[in-house]
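Structure first, commentary second.
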Amino acid sequence: MLLKTKESLIRRMYLVDVAKGLAITIKNFFFAPKITIQYPEERRKYSDRFRGQHYIKATNGVENCTACMLCPTVCPAECIHIVAGERPDKEKYPVQFEIDILRCCFCGMCEEACPKDAIKLSTIYEMSTESRDVYDRSFLMEQRGNK
Amino acid sequence: MPKCVIDGREVEFSPGENLIEVAKKVGVEIPYFCYHPGLSVVAQCRMCAVEVEKMPKLQTACSTVATDGMVVKTRSERALANQKSVMEFLLINHPLDCPICDQAGECDLQDYSYEYGSPYSRYTEERRTFLDLDMGPVIVKNMNRCIHCTRCIRLGAEVLGIREMVATQRGNKTEIATIDGRPLETDYAGNYADICPVGSLLLKDFRFKKRVWFLKKTATVCEGCARGCNMDIQHDANVIYRCTPRENLEVNQYWLCDEGRFNFHYVHDADRIMEPAVRADGELKMTEFGASLDAARAALKGKKAAVLLGTDLTQEEAKLLQEFLPKYLPNASVFHFGTPGIVSEADDAPADKILKRKSKTSNLHGFEKLGFKGLKTLPTGLDAALVIRGGRATLPELKGLSTVGIGVFTREEAATFSVVLPGLTFAEKDGTIVNFQGREQHIRRAIFPAGNCKALSEILAMWAHGTGGNA
Ligand code: SF4
Ligand code: SF4
Ligand code: SF4
Ligand code: SF4
Ligand code: FES
C-alpha cells in the first residue's frame, strides 16, 4: 500500500535546502585554505625520505658502489643490471650499472640493501621522458641527489 | 651395528666413523673448517669441539671416532661457548670483504658467523694484511681472508701428490703461499678453490662473473676424458659460469681436473658454428637446414665415403647411428675417433696418478661396447667423409675429402668442410656415457641449445625423410 504524505509547498520546492548547500559552497570557495598548488610555478616540498630518481653516491669522485650485487638480488622488479670488473685503484667496481627505470616500483629496497651507501633514491620526482630510457652508469653517477 | 647418542638421538654407525659424519646422519650439524672427508684429519681449527660424556674436556668431533654407547652433546653450554670463541678468534683479523668476495654465499665462515658468531667485534687493534703474489692462471689468492685451516696444504700433499703450498711464519703472521712464490704446477689447481672454506683461494676464471646465489646447478658428468668425473654445471640465464665436482667415491671422489673444469668454454665460443652452413665460393655461408641437408646428401651421394664418429657422442646417439648408417649410407666404412693414438679401449690407460685418462673423450668404452671400430688410418681411395662429433673429439686429417660435419665445430676446425649441420654440446643434451670402469653415467641438459643447433636425432630424422624441417 502506498503511503501518501502531505508536505508544504515551500518544502516541496527544496528552496531552503538549495540555499543551505550554496552557502557551504560559497564559504569553501572564498574562505577555506587552498590545497591545490600551481605546479610547475609552485612546487611541493617532499620529505627527505621521499623515494624518487636513483643515483649512485660518489666519494671524492669515486663511486661508492663495489658491485656486490645485493641490490639486484633484493630488487623485486629485477630491474638492476650490473657487470663487475677490476681496475687498479679499486678491486671490484661496476663496469656497467643499469636501472630499467620503467620497471622500477620505487620500493627503495636497493637503497636499504646497499652495504656501501652507494645506490640512493633522491627526492627528484620529475622523471617523465618521451623515450623508454634505461639509466646507465654515467647517468646514475651524476650527483643529483641530496642525501 | 654399534650405536651412540647424539643430542639425545640414537644413531647407528659403522666403526671408524668420526662424530661429524655420524651426526650428519641424524641431521645434527657440527660446524667445522679444517676437516674434509677427502683429506687427513688434523683437528686444527677447534670449531667442531663437542662435549662427550665421561670426558673432562671438549673433544674435536673430526678426530673423535664414535664408540658404542658414547653420549655426545653438540649444543651444550660449553660447546656453544667454544664455537663463539673460535668464531671471534677467526674473525679478529678477517676483513669485511664479503661484498667483493666471490666466496660469499657459499662461505663456511660467513654462514657460521651468522649461526654461531657475534655481530659485534671487540677488536680495536690493526688488522693483519698481506701482499699477495700471483699464483698462476687458475687461482687468485687473498691471504687476508685465510683462516689457516691448511686444507690446501693437505690437498697438495695428500691428493695431488705435489707439495707446492706451504705455511710460512707462525701464529698470527702465518702465511700460506707457494714455495718461493712460484705459480701452481698441478693440473688440478681448481680444487684448491673448492676446498678452501673461505675466499682465500678463488678461481680466476670465475672472478666477479656472477654471485653464486644466482647460479643453478645441473648434475652431470664431465666429458673431458674416459673417467667421467661427476660434476655440476652451474649456470644462469642459459650461460654456463663454472663447473664444480660432485662427490662420487667410486669415480672421482671429490675432485675435478682443470681440463675438465674449464672444458665448458667451447659451448659459448664465439667461433662455434651455430647455424647450418654450406661452402660456396670457398666460404662457409649460413643457410637453412633444408638447403644444407640437400647439399650434405649431394656431397656423399655415390661417393666412396668414410663415416667418422666422435667418441664424445652419447650411447643413445651411437645406437641411433648404428641403425641409420646401414640404411642411408650402406657403402660407407664406419670408424670412431677421439684422441690421437688412442684407437681402442686397450690403449686407454691412466694419464697420471690422480684422475686423468689417456682417452680425451668420454665415451670411448661405450663405442667399443657397441662394436664400432677405431680409426687407425683412413682407408685409401676415399673421396668423401661424414664427421659426426660432440665438440671434444680431436678431428683427424681430412684434407682433399669432400667433408660433411654434423655436430659442434668451430669455424677454424671446419675450414675444409663443405657442409656443417650444427649439433649439441654435452651441456645441451641428455644421454648416457660409459666410463673406463664400464659404469653407465648420465649427462643432463643444463642449458638450451645455442643458435639454430639441433639434436642429432632431429638432424638424422630430417635426413631420412628428405625434408629440411621447418628451419
Ligand atoms: S626502488 Fe625497488 S624496484 Fe626500484 S630499483 Fe630499487 S629495489 Fe628495484
Ligand atoms: S648494493 Fe650498493 S654496493 Fe652493492 S651493487 Fe648495489 S649499489 Fe653497488
Ligand atoms: S671469506 Fe667469507 S666471510 Fe670472508 S669476506 Fe669472503 S665471503 Fe666474507
Ligand atoms: S688458503 Fe684457504 S684452504 Fe688454505 S689454509 Fe687458508 S683458508 Fe685454509
Ligand atoms: S674440523 Fe675439527 S678441529 Fe677443525
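When A:Arg51, A:Arg43 are screened for being of a type in the set (Lys, Arg) and modelled with pLDDT of 90 or more, only A:Arg51 passes.
Put simply, of B:Lys399, B:Lys376, B:Lys353 the only residue that is within 23 Å of B:Trp255 (Cβ to Cβ) and modelled with pLDDT under 95 is B:Lys353. Looking across B:Arg207, B:Arg242, B:Arg246, one residue alone is closer than 26 Å to B:Leu133 by Cβ and more than 14 Å from every other protein chain (Cβ to nearest Cβ). It is B:Arg242. Looking across A:Tyr46, A:Tyr135, one residue alone is open to solvent by 30 Å² or more (accessible area, probe 1.4 Å) and touching a residue at least 24 places away in the same chain (Cβ under 8 Å). It is A:Tyr46. Return a yes/no flag: does the stretch B:136-158 have any residue that is within 14 Å of chain A (Cβ to nearest Cβ) and open to solvent by 40 Å² or more (accessible area, probe 1.4 Å). Within the stretch B:136-158, not a single residue is within 14 Å of chain A (Cβ to nearest Cβ) and open to solvent by 40 Å² or more (accessible area, probe 1.4 Å).
Among the residues of the stretch A:61-77, those identified as more than 10 Å from every other protein chain (Cβ to nearest Cβ) and of a type in the set (A, V, I, L, M) are A:Val62, A:Val74, A:Ala77.
For the structure I just gave you, tell me whether B:Glu164 is more than 13 Å from ligand 4 (Cβ to nearest atom) and out of contact with any His (no Cβ under 9 Å at 6 or more places or on another chain). Even if it seems obvious, please write down each step before you answer.
Working: more than 13 Å from ligand 4 (Cβ to nearest atom): no; out of contact with any His (no Cβ under 9 Å at 6 or more places or on another chain): yes.
For B:Glu164, the condition - more than 13 Å from ligand 4 (Cβ to nearest atom) and out of contact with any His (no Cβ under 9 Å at 6 or more places or on another chain) - is not met.
Residues that are touching a residue at least 12 places away in the same chain (Cβ under 8 Å), more than 16 Å from ligand 1 (Cβ to nearest atom) and open to solvent by 50 Å² or more (accessible area, probe 1.4 Å) are absent from the stretch A:65-73. The residue of the stretch A:85-112 that is nearest to ligand 3 (Cβ to nearest atom), among those that are within 11 Å of another protein chain (Cβ to nearest Cβ) and open to solvent by less than 20 Å² (accessible area, probe 1.4 Å), is A:Lys92.
There is no residue in the stretch B:464-471 that is outside any loop (DSSP other than H, G, I, E, B) and surrounded by 15 or more Cβ atoms within 10 Å (Cβ to Cβ). Scanning the stretch B:26-78 for residues that are β-branched (Val, Ile, Thr), more than 11 Å from ligand 5 (Cβ to nearest atom) and outside any loop (DSSP other than H, G, I, E, B) yields a total of 4. Remark: A:Lys120 matches the filter, which requires a residue to be within 10 Å of ligand 2 (Cβ to nearest atom), touching a Gly at 6+ places or on another chain (Cβ under 8 Å) and more than 14 Å from every other protein chain (Cβ to nearest Cβ).
For the stretch B:214-226, a residue qualifies if it is under 12 Å from the mean Cα position of the chain (by Cα) and of a type outside the set (S, T, N, Q), and the qualifying residues are B:Lys217, B:Ala219, B:Val221, B:Cys222, B:Glu223, B:Gly224, B:Cys225.
Per the conditions (1) within 14 Å of another protein chain (Cβ to nearest Cβ); (2) touching a strand residue (DSSP E or B) at 6+ places or on another chain (Cβ under 8 Å), the sole criterion not satisfied by B:Ala189 is (1). The single condition from (1) under 30 Å from A:Ile80 (Cβ atoms); (2) modelled with pLDDT of 90 or more; (3) more than 14 Å from chain B (Cβ to nearest Cβ) that A:Lys20 fails is (1). Out of curiosity, is B:Ala384 among the hydrophobic types (A, V, I, L, M, F, W, C) and open to solvent by less than 40 Å² (accessible area, probe 1.4 Å)? Taking the combined requirement at face value, the residue satisfies it.
So that you can scan it fast, the table gives a plain yes or no per residue for (1) away from ligand 2 (no atom under 16 Å from the Cβ); (2) within 30 Å of B:Val11 (Cα to Cα); (3) in contact (Cβ under 8 Å) with a residue 60 or more places away in the chain; (4) assigned by TED's automatic domain parsing to the domain that holds B:Gly181:
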position: B:Leu80; (1), (2), (3), (4): yes, yes, no, no
position: B:Gln83; (1), (2), (3), (4): yes, yes, no, no
position: B:Met87; (1), (2), (3), (4): yes, yes, no, no
position: B:Leu109; (1), (2), (3), (4): yes, yes, yes, no
position: B:Ile139; (1), (2), (3), (4): yes, no, yes, yes
position: B:Cys146; (1), (2), (3), (4): yes, no, no, yes
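Yes or no: the stretch A:67-76 includes at least one residue that is more than 12 Å from ligand 2 (Cβ to nearest atom) and of a type outside the set (S, T, N, Q). Yes.
Any idea which of B:Asp134, B:Asp180 is on the phi > 0 side of the Ramachandran plot and among the charged types (D, E, K, R)?
Being on the phi > 0 side of the Ramachandran plot and among the charged types (D, E, K, R) holds for just one of B:Asp134, B:Asp180, which is B:Asp180.
For (1) among the polar types (S, T, N, Q); (2) open to solvent by 20 Å² or more (accessible area, probe 1.4 Å); (3) assigned to a strand (DSSP E or B); (4) not assigned by TED's automatic domain parsing to the domain that holds B:Met286, each residue gets a yes or a no:
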site: B:Pro379; (1), (2), (3), (4): no, yes, no, no
site: B:Ala393; (1), (2), (3), (4): no, no, no, no
site: B:Pro396; (1), (2), (3), (4): no, yes, no, no
site: B:Ala415; (1), (2), (3), (4): no, yes, no, no
site: B:Val419; (1), (2), (3), (4): no, no, yes, no
site: B:His442; (1), (2), (3), (4): no, yes, yes, no
site: B:Ala446; (1), (2), (3), (4): no, no, no, no
site: B:Asn452; (1), (2), (3), (4): yes, yes, no, no
site: B:Ile459; (1), (2), (3), (4): no, no, no, no
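Between B:Asp102, B:Asp108, which is closer than 21 Å to B:Tyr254 by Cβ, more than 14 Å from chain A (Cβ to nearest Cβ) and charged (D, E, K, R)?
Numbers: B:Asp102 fails: more than 14 Å from chain A (Cβ to nearest Cβ).
On inspection, the qualifying residue turns out to be B:Asp108.
When only residues in the stretch B:240-269 that are closer than 17 Å to B:Asp205 by Cα and assigned to a loop (DSSP other than H, G, I, E, B) count, which is nearest to the chain's Cα centre (by Cα)? Among them, the one singled out is B:Leu256.
The values are calculated or read from the model by the stated rules, or taken from the named source; none is laboratory data. Please read these numbers as outputs of a predicted model, since none were measured by experiment. Positions of Cβ are generated from backbone atoms using ideal geometry, with glycine treated the same way; all protein chains shown enter the neighbour counts. In case anyone asks, the SASA skips ligands and DNA or RNA and just uses the protein heavy atoms, side chains included. Shrake-Rupley method; radii C 1.70, N 1.55, O 1.52, S 1.80 Å.
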